[in-house]
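Everything on this sheet refers to the single structure shown next.
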Protein chains: 2
Amino acid sequence: MDDAGPMRRRGRRKMQAVTMSEVAAAADVSASTVSLYFRRPKSVSPPAREAIARAVAELGYVPNLVAGGLAAASSRVVSLIVPSVRNAFFAETVSALEAALAPHGLQVLLGHTEYDLAREEALVRTALAWAPAAVVLTGLEHSPDTRALLKKARVPVVEMWERGAPPVDMGVGFDHGAVGATVARRLMARGRRRLAFCGARMQEDRRAAQRASGFAAAARAEGIEAAILNHPGPADPQAGALLLDRALRELPDVDGIAASNDLVAMGALFEAQRRSLPVPDRLALVGFGDLPFAAACVPPLTTIRPAGDLVGREVARLVLARMRGEPVLERAVDTGFVLVERVSG
Amino acid sequence: MDDAGPMRRRGRRKMQAVTMSEVAAAADVSASTVSLYFRRPKSVSPPAREAIARAVAELGYVPNLVAGGLAAASSRVVSLIVPSVRNAFFAETVSALEAALAPHGLQVLLGHTEYDLAREEALVRTALAWAPAAVVLTGLEHSPDTRALLKKARVPVVEMWERGAPPVDMGVGFDHGAVGATVARRLMARGRRRLAFCGARMQEDRRAAQRASGFAAAARAEGIEAAILNHPGPADPQAGALLLDRALRELPDVDGIAASNDLVAMGALFEAQRRSLPVPDRLALVGFGDLPFAAACVPPLTTIRPAGDLVGREVARLVLARMRGEPVLERAVDTGFVLVERVSG
DNA sequence: TCGCATCATCACAGCGCTACGATCGGGGAC
DNA sequence: GTCCCCGATCGTAGCGCTGTGATGATGCGA
């Protein structure tokens, strides 16, 4: 019998080839020093630093962030939850946030709610299971359980793209009601009196609904009763064409239209063109988003630019400040928006 | 002296309130059984299952995926690396992939290369530090170190959105050269003989360059020397306007144009409109992408639909098959593309 | 010369979970 | 009645790293 020892080595899959202690051995220092080298390089003496750097390069060592996250009780991940990245606004924010976080060694864990609060709750639950450095979500409306989950977890939370109600923790966004009001006043200032707001999927997209209410309220302030039209399907040019058709039937002399989105505005613009309604003379049209094609349209689209990338950068700033332990005084940052005055309205 | 024990408890931050062993205690089973309950519920007897479910609900237990990932030597994360989600094609793929993966408890860790191979390498390095269930990246071109890193790590790798060279592991995409050829043949079949390909950022966007070469090759096969024009800036409508201007100056009788992207095509379309060049009679125009506005343009844009969501779903299928240990025979899946015949070209 | 900071380095006990292998009963098969 | 197999359950040793406190080594003023 060659029963070599008292206990057989238990079979266990190894995670990786090179570990920190192997690097330590190669560099002739302890594992703690290697760990320190990665976390606070300045606390390691230059000779040791050099030896470790050499060993890392030679062995091709890649630190295991999963183990690190477990030991440190917090992982270098920021969980980002948006309705959908197919929406250009959120794509811009995701991109800007990732770009701002990457230099600090933070990764983005992405989830899509598709405007479903139950799905959001499930996403928050799994997000928290990663012990993330921060959780970033869209909007201020969440299920009660989601709020409870977020409050219980002692993690920085940023709610973005909306402003109004107090955030769970921090907020970055702008006032969608003010956007609607700005558009209404723009149209009225140009002499429009028969106003309509054409939105898509407003039963789900609460921010679009806020723009609609802000629009109607500003109109009412000048004694105008604006129509609000909603298309239940996706916010695309087809919806815009359909909505213009409806607007023209319900309000034949409509002369000013706000669209919930540039794609919708574009659809309305083309539909007007097909019907030979001159834009902006007969019908003024204002969009939302300032998407890449807005300036190129004929006529160029007047629209609202929401600074989606600024939202991403501000979120990153707050998250990083919190991680560094700096006090964050501003509970809610207003990123504002700009009325881009072009020709259509 | 109330030195209670021989060794003081070392100060250490706890990661979470409720752990698996607390659930086990509450359900009156061992921690192993609770773990089994989450991983293979059917292997746990119904009474135990019920007791555990109750304890989980009562305590509000959320499993710690970081600890799980460390113990299992693999985390339930798929690392996804794309040039940019601001690009609608990739946004669609990211969205479809996330949707297909989420029901299986897999999260998406997102990174943007911005078309930079060095940045891609850094992203792959951090991605691997998460011991991901799979790594998904864009295109077949990578730095030698990136390829080495991916090969050494025993992880499923999927390269997407391109087809041609053999993939590191698995591939999902379509032939961009064939796209270019299809567009060229379409234009020639409609009697066009003066052809140009208008692309943007082709020094970086290798797939756009492949479409251009395929276009030129198919034209040459019929004795036509197509012009290839490149705009170094981003692929937006402004680039399209600029490129049409250049095309008209370099090739005054140009009658057929392929654009590297629907946004570029749209810019060219509007520019043609401004110059009163009838589309498609004087100038036929074909885009790429079938973005939401393509059908709404006036005239509706003939374009290529690349099935970005199918790419995402197929990637998910391969990743899941690999994780289940099923043999994946197809090294490279062709998702194809469709010529959407509308009016512009 | 001694005492006391200061700095670099180290040892080690976990972080919470999974996977292996062992244990324990309760049926069939013979 | 005995044996064996199989399903359910459990005990335990890590997974690779970090953070704390301890240990030397060094410098400096008194």
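The values are calculated or read from the model by the stated rules, or taken from the named source; none is laboratory data. Here the structure is a predicted model, which means the values were calculated and not measured. Heads up, the Cβs are rebuilt from the backbone with ideal geometry, glycines too, and the neighbour counts pull from every protein chain shown. Surface accessibility is based on the protein's heavy atoms, side chains included, excluding ligands, DNA and RNA. Shrake-Rupley method; radii C 1.70, N 1.55, O 1.52, S 1.80 Å.
Note the full-extension length gain between B:LYS152 and B:ARG39 as 0.36 nm times their separation in residues minus their Cα-Cα distance, in nm to one decimal.
So the chain would gain 37.9 nm between B:LYS152 and B:ARG39.
In peptide A:80-86, what is the residue-averaged number of other protein chain Cβ atoms found within 10 Å of each Cβ?
4
What are the aspartates and glutamates whose alpha-carbon lies under 18 Å from the alpha-carbon of A:LYS14, with same-chain residues fewer than 8 places away excluded?
A:GLU22
Between 0 and 90 degrees, rounded to the nearest ten: what's the tilt of helix B:262-274 against the longest Cα principal axis of chain B?
Once rounded, one gets 30 degrees.
How far apart, in nm, are two points set 7 Å out from the Cα along the Cα-to-Cβ line at B:SER21 and at B:ARG246?
Using points 7 Å along Cα→Cβ, the separation is 6.7 nm.
Starting from the Cα-Cα distance between B:ASP281 and B:LEU329, subtract it from 0.36 nm times their residue separation and give me the gain in nm to one decimal.
Here the answer is 12.5 nm.
Leaving ligands, DNA and RNA out of it, work out the accessible area of B:LEU277 with a 1.4 Å probe and give it in Å² to the nearest 10.
B:LEU277 has an accessible surface of roughly 40 Å² with all protein chains in place.
Within a 10 angstrom radius of each residue's Cβ in B:65-76, how many Cβ atoms of other chains show up on average? Whole number is fine.
Averaged over the peptide's residues, the number is 6.
Arrange the residues A:HIS231, A:HIS104, A:HIS112 by how much accessible surface each exposes, largest first, with a 1.4 angstrom probe.
These residues rank, largest area first, as A:HIS104, A:HIS231, A:HIS112.
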